[in-house]
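Working notes, beginning with the structure itself.
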Amino acid sequence: MWNEAPNIRSANPRYWTFKQWARMTKDFHDAVKRVNPEAIVLGANTCDCSPRGSADFEPWTDGYFSALDKYGPSVVDGISFHGYALHPPKIIGQVHTLRKIMDNHSSTRGKPFYDTEDAWPGGNVFDGADDGRIDLVVAPGSGRCKRGSAYSYEWRRLY
């Protein structure tokens, strides 16, 4: 729906209301489904974004999902997040927090979430320790994410 919606560089949170985000999501959903009823429509991307001035993850995500609730459970098919694993325990905590927030809202409860962007430090160096981080954070079937892809910073697909 939108890349890094809480990020001040992508969409300044001072100028967009949750009501506007939710309405844009509904309009986007309706337009996509008219053309392709089988398409998977993901809500605006949630992220723990930088730089300073970006919205805080938990209040932004909760506010956006609260506004989506007006449109019911069919407004999105899933939620997108960015699982950059520079600090895997932080990302794992964020995944659990995202699921908790999703389960508190009728619009997102029980829906899958998708890791739509992440990367690993170290370029083409990918050792056994990194393999474990992928399993914990983004690997399909891990119970944490429906789909995931990991890329090195050179955008070479690793997983």
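For segment 94-115 and segment 27-54, what is the separation of their C-alpha centers, rounded to whole Å?
14
Let me confirm the definition first: pairs of Lys residues in segment 18-117, 8 or more apart or on different chains, C-alpha distance under 28 Å. How many are there?
Lysine pairs, 8 or more places apart or on different chains, close enough: 15.
Please go through segment 1-74 and write out the chymotrypsin sites (Phe, Trp or Tyr not before Pro) that DSSP classes as loop and that have at most 11 other C-beta atoms within 10 Å.
Y15
If you project the alpha carbons of segment 18-117 onto the principal axes, what extent comes out on each, in Å, largest first?
Cα extents, longest axis first: 40, 25, 24 Å.
Going by C-beta contacts inside 10 Å, put K19, K111 in order with the fewest on the left. Please list the in-between numbers first.
Numbers: K19 13, K111 19.
Least crowded to most crowded, the residues run K19, K111.
Where nothing but the Cβ of Lys and Arg (+1) and of Asp and Glu (-1) is charged, how large is the charge dipole of segment 18-117 around its Cα centre, in debye to the nearest 20?
With Lys and Arg at +1 and Asp and Glu at -1, about 200 debye.
Arrange S66, S74 by Cβ neighbour counts within 10 Å, fewest through most, would you?
S74, S66
Would you mind ranking K33, K26 so that the residue whose beta carbon has the fewest other beta carbons within 10 Å leads the list?
K33, K26
Read-outs throughout are calculated quantities, based only on the coordinates presented, and are distinct from any laboratory measurement. None of these values were measured; they are calculated from a predicted model. We place every Cβ from the backbone using ideal geometry, glycine too, and count neighbours over all the protein chains shown.
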